[in-house]
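Heads up: the structure comes next, in structure tokens.
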Protein chains: 2
Amino acid sequence: MANKPSVGQFKAQAQVFKALAHPGRLLMLDELSRGERCVCELAALVGSEMPTVSRHLSQLRNAGIVDDEKRGAQVFYRLVTPCVMNFFQCVASVREKGRA
Amino acid sequence: MANKPSVGQFKAQAQVFKALAHPGRLLMLDELSRGERCVCELAALVGSEMPTVSRHLSQLRNAGIVDDEKRGAQVFYRLVTPCVMNFFQCVASVREKGRA
DNA sequence: TAGTAATTTAGCAAAGTGGCGAAGTCAGTC
DNA sequence: GACTGACTTCGCCACTTTGCTAAATTACTA
């Protein structure tokens with residue numbers, strides 16, 4: 001019933017893409033594709049302060065891309081939808097064709 | 001040779017995602033997936049002014065997602081990398097899992 | 001050459017994004 | 001109960017994005 005997707009659908013999808021539209025968040029997702037990580041590990045990875053990283057992660061969580069689990073004093077994040085990692089191949093081809 | 005992608009790579013990829021992170025641009029891409037369209041057709045589709053649509057299209061072009069061709073007084077845009085349309089399925093699953 | 005239509009570019013105001021430090025919350029330790 | 005560490009939320013500022021109108025550009029027509 002959705003041959004012509006509605007504007008609302010695109011709005012929701014744009015939110016997901018928006019969550020992916022940041023180098024630091026992509027770096028974190030790449031790391032999470034190899035297993036769950038706590039916030040402090042990801043903060044060290046991207047080299048930003050923890051508040052900054054925490055907010056990036058909540059953006060990814062709100063988009064439904066990652067999930068979090070509190071264990072003790074630490075919070076571990078993991079990738080919920082690994083298929084987003086497939087995007088990278090297409091995006092790479094986008095960039096290659098772009099410069100052709 | 002790229003087991004550990006560099007920050008620069010993620011920066012470039014984020015640019016592509018950024019180009020996709022707008023409902024109107026997604027709507028236009030969906031339309032372009034069914035064939036080339038001129039700017040005025042796309043403007044009518046999204047219901048924005050032509051200058052606005054023109055800028056959105058140049059963003060998509062700069063990202064390497066679409067290509068343009070001038071024919072007479074009109075400029076026709078077409079999808080260069082149809083694989084970006086595959087994203088939508090994964091994004092849809094992201095949103096479904098997100099609300100589970 | 002004038003005139004009209006299709007696009008793009010430029011300039012402006014409003015809204016959103018990203019980063020940091022300060023402060024608040026929660027878990028484990030002394 | 002006080003203290004420390006991990007994390008989140010808040011407030012602030014700088015920067016970017018977005019949409020509009022006005023103006024410049026290009027193609028076609030009379």
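Leaving out ligands and nucleic acids, note down the accessible area per residue over region B:12-98 with a 1.4 angstrom probe, in whole Å².
Details: 4070 Å² over 87 residues.
With the other protein chains kept in place, region B:12-98 gives 47 Å² per residue.
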ask   = Helix by helix, which DSSP H runs in chain A go 15 Å or more along their axis at the Cα atoms and have an average Kyte-Doolittle hydropathy of 0.0 or more?
value = A:7-20, A:87-98
Dipole moment magnitude, nearest 20 debye, region B:12-98 about Cα centre, only Lys, Arg, Asp, Glu C-beta charged = 180 debye
Fraction of accessible area attributable to carbon and sulfur, chain A (%, probe 1.4 Å) = 50 percent
inquiry  = Test of understanding: given chain B, find the longest segment containing no trypsin sites (Lys or Arg not before Pro) that are in a DSSP loop and have at most 14 other Cβ atoms within 10 Å.
reply    = B:35-98
remark   = With bins of 5 Å, the percent of all Cα-Cα pairs of the protein assembly as shown per bin from 0 is 1, 7, 15, 19, 18, 14, 11, 7, 4, 2, 1, 0, 0, 0
message = Using only the alpha-carbon atoms of region B:12-98 as identical scatterers, what base-10 log of I(q)/I(0) does the Debye formula give at q = 0.13, 0.21, 0.24 Å⁻¹?
response = -0.41, -0.99, -1.25
Disulfide-incompatible cysteines by the Cβ rule (no partner under 4.7 Å) in chain A = A:Cys38, A:Cys40
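What does the buried accessible surface come to for B and A, summed over both chains, with the probe at 1.4 Å? Round to 100 Å². All intermediate terms of the calculation are to be shown ahead of the outcome.
Numbers: alone 7010 and 7020 Å², together 10760 Å².
Summing both sides, the interface buries roughly 3300 Å².
The values are calculated or read from the model by the stated rules, or taken from the named source; none is laboratory data. What you see is a predicted model; the values in this text were computed from it and never measured. No Cβ is skipped: glycine too gets one built from the backbone with ideal geometry, and neighbour counts run over all protein chains shown. Heavy atoms of the whole protein, side chains included, go into the accessibility calculation; ligands, DNA and RNA do not. Shrake-Rupley method; radii C 1.70, N 1.55, O 1.52, S 1.80 Å.
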